[in-house]
Structures are given as C-alpha cells and as structure tokens.
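Just below is one structure, and these are the notes that go with it.
Each reported figure results from applying straightforward, stated rules to the coordinates on display, with no laboratory input. Bear in mind the structure is a predicted one, so any value in this text is a computation, not a measurement. Glycine also receives a Cβ, built like all others from the backbone with ideal geometry; neighbour counts cover every protein chain displayed.
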Amino acid sequence: MQTDNEIKEIIQEDIWGSIKEFLNLGFHIGEGEKSINLTLGLLLLLTITIIVAKFVLKWVRYLLTHKMEREDKQKFSSVFKFTNYVIYLVVILVTLSGAGIDITLIITASAALFVGLGLALQELFKDILGGIFIIVDKSLQVGDIVEVQGKVGKIFEIKLRTTRAITRDDKVVIIPNHKFISDIMFNYTQNHRTTRERVSVGVAYGSNVELVTQILEQVAAEQKQILKNPKPFVLFDDFGDSALMFSIHFFTNDSFSDPRIKSEMRYKINSKFAENSISIPFPQRDVHIIQQKT
C-alpha cells in the first residue's frame, strides 16, 4: 500500500505537477477575478479546438455536398468559408474569455457591427439563401425555360447569388436568386421539355367552321417544330363580338422559340384562309353624324 501511495504522489506531484507548471507558463497580469492569464495551456487548447472544429466542418461539408455535382460543390465554397470564419471567431472569443479577458465590449461592438452589416447586406444574404435552396432542391437547372416578371429566358448559369438567363431577343438577364423564392415564377420545362402552346384566330360569321378546323389542323401537321404525338387539336373558343374564335393547340419541345413557330403558323393560316375565301374580320363601327339645324 505504501508503494502505491508513493507512486500516486510521484505522478501527482512530480509528473503532473511539472506538466501543469509547463502549461501555466505565459503572461499573468493582475490577481484575483480581474487577472489575465495567457498561458501555453490556453494556446494549446485554442489550437486543438480550431483543429477539431476544422475537421468537423469538413465532415459536415462532405455530408452536405458529396452527392452534388462538381459545379454545385464549388458554389458552396464561399458559404463554408464564411461559416469557418464565424466559428473561428467564436473559438477565439471563448479562449480570450478563458484567459480572463473581459470580452463584453468586444461582443457588444461585434453585435452592433453585425446588425449594421445585416441591414446593409440583407438582400445579399437573401440571394445566397435562395441560391442554396435552388442548388439543394433542384428547383432550377441549367437549360430550364422560366418566366419571371413577364420576361421569358433560358437559364445558362446558376451561381450562389445570381442566376443568368438569355431572353428570346438574345439579351442576358441577371436574376437575383431571392426572386425565385419571393416572387411567382413559371418554369416551363422543370418536369419535362414538352409544353403546350396555342395560336388563336377569328373568322367571320357564316364561315364554314369545319373547313376552318381542317385548315388549322393541316397547318399544325405541316409545321416541323410541332410534335405529332400528342396530336394537335382545335377548339371553338367563343362567339366573339365580330368573329367566331378558334384556337389551334399543339405541343413542342422548343418552347423557347415558340414565338417564331407561332409566327410561321400565322403566315400559313392567313395564306390558306385567303385561298379558301375565309375572311378574318375586324371590329367595325357605324358613325352617325347628326347635324343640328340652326
């Protein structure tokens, strides 16, 4: 028993005491509660904490991005860098607090700074969050045709803050990513590339409606960009004020160029109507001039 006690005393007083003295080396300012102790042990703890935090962040990053495409992984790099800086700052502040340094003023100043930055950069943060949601849930992909605030464009680049699309008149539109979350957006091609389009036309009252239907179906059948299956179909839409309203509905894989398809169809419809003596009316009004007798 005496030997065991001697061994414990040697470990506690000699070995562990020497380690504690070594770790306690450093700067010691003041005494009591207001003392500041910046020691080797504290610096070692800070180093170990930063290394552990770095490995944990890498592991979390791997869990979130290991199934993503290479381009999507690169888009997350700036987010993870910002997260790393915040965590390292927290570790440093905790270490300073452990050293006895009053970090209340630092936290107060940092809070005021972050509030100011948050107010100034709230749109930026909203865009970054929008970009993260787009990448994670795949609600938008390169090649999709979207309509935002009345503008139709084909997506060709998705970044963390903005998305770029080219419009039908070959102009590049830069869309902040928060628009895809806060605004109503139409994605023409998210589920599949096929969309249904229509061309409307009015014919004069008394026209042969069966012949009108045949001409519209023929024009759709002859148009190259229109799919044969599903088959185009004609609807008799309404009895208008001055015309019988028809529409030809068709399916296409090139909805981005559908204005050109519709234009070509209108040319052909107008030509075939003229060949078959089918008139396209326009509103007419009778103007009566009443002269007052003097």
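Working note: Karplus 6.51/-1.76/1.60 with θ = phi - 60° gives the stretch 123-132 the couplings 5, 4, 5, 4, 5, 5, 4, x, x, 5 Hz, where Gly and Pro are set to x.
Pairs from the table (Lys179/Lys231; Lys151/Lys224; Lys159/Lys262) lying more than 31 angstrom apart at Cα are Lys179/Lys231; Lys159/Lys262. The 3J(HN,Hα) values that the Karplus relation (6.51, -1.76, 1.60; θ = phi - 60°) gives for the stretch 144-160 are, in residue order, 5, 9, 10, 10, 10, 6, x, 9, 9, x, 9, 5, 10, 7, 10, 10, 5 Hz. Gly and Pro appear as x.
Neighbour counting of Cβ atoms within 10 Å sorts the residues Leu129, Leu42, fewest neighbours leading, into Leu129, Leu42.
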